[in-house]
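Take a look at the structure set out below.
Computed from the coordinates by the stated procedures, all read-outs in this text should not be read as laboratory data. Please read all numbers here as calculations on a predicted model, not as lab measurements. When we count neighbours, we look across all protein chains shown, and the Cβ atoms used for this are built from the backbone with ideal geometry, even at glycine.
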Amino acid sequence: MVAKSKLYVSSVLLTAVLVIGIGGFMIISNESFVDSLYMTVITMSTVGFGTLHELNQTEKLFTVFLIILSIIVYGYSVTALTEYFANRNIFQILKLKKVQQEIQSLKNHTVVCGYGRNGKQAVAKLKEFNQPCIVIEKRKDEIGDLERDGILFIEGDATNDDDLKKLGLDRAKSLITALPSDADNLFVVLSARQFNSDFTIITRASNESSYGKLKFAGATNVIMPDKLGGAHMASLVVTPDLVEFVDRLTIAGDSNANLEEISVNDLPLEFLNKTILDLDLRKRTGCNVIGFKTSDNEYIVNPESSTKLTKNSNLIVLGRPGQIKKLRETL
């Protein structure tokens with residue numbers, strides 16, 4: 001605010017010098033307004049153009065006074081301008097405005113709170129599927145990683161409602177909160193649910209005691225990385241071949257087997273309320289339907305061929321990369 005005030009004062013002083021110069025030449029030299037303006041400008045700017053006529057003693061003294069006054073005001077103005085840009089960091093301001101414009105254009109995006117280990121993995125997977133996302137992070141080290149990775153982000157605290165408002169939560173499709181503290185994740189879930197009562201909220205938890213609290217607060221899914229990691233390692237001992245086979249089933253990449261989720265709403269209208277048998281994916285693309293999610297969010301493993309393709313339901317399809325590609329091209 002001080003730098004901005006100085007900038008305002010310098011503008012007033014420059015205007016005052018211009019008025020003094022014009023008024024002085026009009027009174028002392030009896031010049032017209034335009035000629036007085038000309039004399040004042042060439043005197044203040046010290047460009048060296050010739051005068052309109054030979055100056056008398058009084059005019060010379062006034063001109064010297066005007067030059068000295070102009071130099072003093074110029075010095076003050078340069079100082080104020082330098083201080084303003086140094087304090088405000090104009091490049092940072094322009095960068096923030098650009099980020100705000102990008103956020104305003106986002107729709108059906110995912111908000112990721114925290115860019116630690118889990119946050120990085122989440123963003124990488126979203127980018128792999130060309131899903132728009134924005135990250136909010138306050139730690140300097142992670143902010144450096146975000147800038148290096150070219151990820152859209154804002155520097156802020158996800159537990160602060162004012163910072164959350166900047167993320168366009170009302171237009172978002174989902175939110176992933178991967179903060180180190182369960183208490184912080186709980187606060188984010190509570191706050192985010194107030195901004196959007198319909199979108200999906202996925203949060204991580206370190207303690208089992210936090211699971212119920214996070215679900216009660218409004219989290220759609222609660223992931224416990226430590227528990228999943230330990231269970232996975234134990235499974236490699238008990239059923240190693242089965243686990244390795246399941247690990248080969250991915251939702252992207254060059255694996256031998258990929259999974260794909262198909263919304264019945266995205267299928268051609270001719271298949272609505274028909275059966276899986278009528279869809280005939282095996283013959284059309286080589287893929288197999290291995291799961292079905294009803295409109296009531298009930299999951300059916302290895303559904304019957306007579307299962308109806310109702311609105312708002314989803315198919316889980318298994319196939320090789322080439323078959324999945326043909327599936328996308330066909331349907």
- Message: Using Cα-Cα distances under 8 Å and only pairs 6 or more residues apart, what relative contact order does the chain have, in percent?
- Response: 10
- Once you charge only the Cβ atoms, +1 for Lys and Arg and -1 for Asp and Glu, what is the size of the charge dipole of the chain about its Cα centre, to the nearest 20 debye? 500
- Message: If neighbour count is taken as other Cβ atoms inside 10 Å, put T82, T294 in order from fewest to most.
- Response: T82, T294
- Of all stretches in the chain that avoid chymotrypsin sites (Phe, Trp or Tyr not before Pro) placed in a DSSP loop and having at most 14 other Cβ atoms within 10 Å, the longest is 130-331
- Item | Stretch in the chain that is longest and holds no GluC sites (Glu not before Pro) that DSSP places in a loop and that have at most 15 other beta carbons within 10 Å | 55-207
- Task: Starting at the first residue of the range 31-38, write each ³J(HN,Hα) from the Karplus equation 6.51 cos²θ - 1.76 cosθ + 1.60 with θ = phi - 60°, in whole Hz, x for Gly and Pro.
- Result: 8, 6, 4, 5, 5, 5, 4, 4
- Item | Estimated [θ] at 222 nm from DSSP helical runs (n ≥ 4, -39500 (n - 2.57)) normalised by residues in the chain, nearest 500 | -17000 deg cm²/dmol
- Task: Beyond 20 Å between alpha-carbons counts as too far, so tell me which of K98/K166; K127/K215; K125/K166; K107/K127 fall in that bin.
- Result: K127/K215; K125/K166
- Inverse of mean 1/r across different Cα pairs in the range 107-229, Kirkwood, Å: 14.2
- Once L96 and R320 are pulled to full extension, the length gained, defined as 0.36 nm per residue separation minus their Cα-Cα distance, is 76.3 nm
- With no solvent and one equal point scatterer placed on each C-alpha of the range 249-330, evaluate the Debye formula and give log10 I(q)/I(0) for q = 0.26 Å⁻¹, two decimals. -1.37
- Item | FRET efficiency, 1/(1 + (r/R0)^6) with R0 45 Å, evaluated for L277 and D170 via beta carbons | 0.60
- At 25 °C in a medium of viscosity 0.890 mPa s, the chain has a Stokes-Einstein diffusion coefficient, with Rh taken as the Kirkwood radius over alpha carbon pairs, in µm² per second, of 94
- Residue (of F65, G21, A178) at the positive-pole extreme of the chain, dipole from beta-carbon charges: A178
- Least to most buried among I300, I143 (fewest other Cβ within 10 Å first): I300, I143
- Query: About its Cα centre, how strong a charge dipole does the range 249-330 have in debye, to the nearest 20, once Lys and Arg get +1 and Asp and Glu get -1 at the Cβ?
  - Reply: 240
- For R204, enumerate residues with amide H under 5 Å from its amide H, sequence gap 5+ or separate chain, H modeled in the peptide plane. T177, L179, I223
- Item | Size of charge dipole - the range 2-88 - debye, nearest 20, with Cβ of Lys, Arg +1 and Asp, Glu -1, no other charges | 460
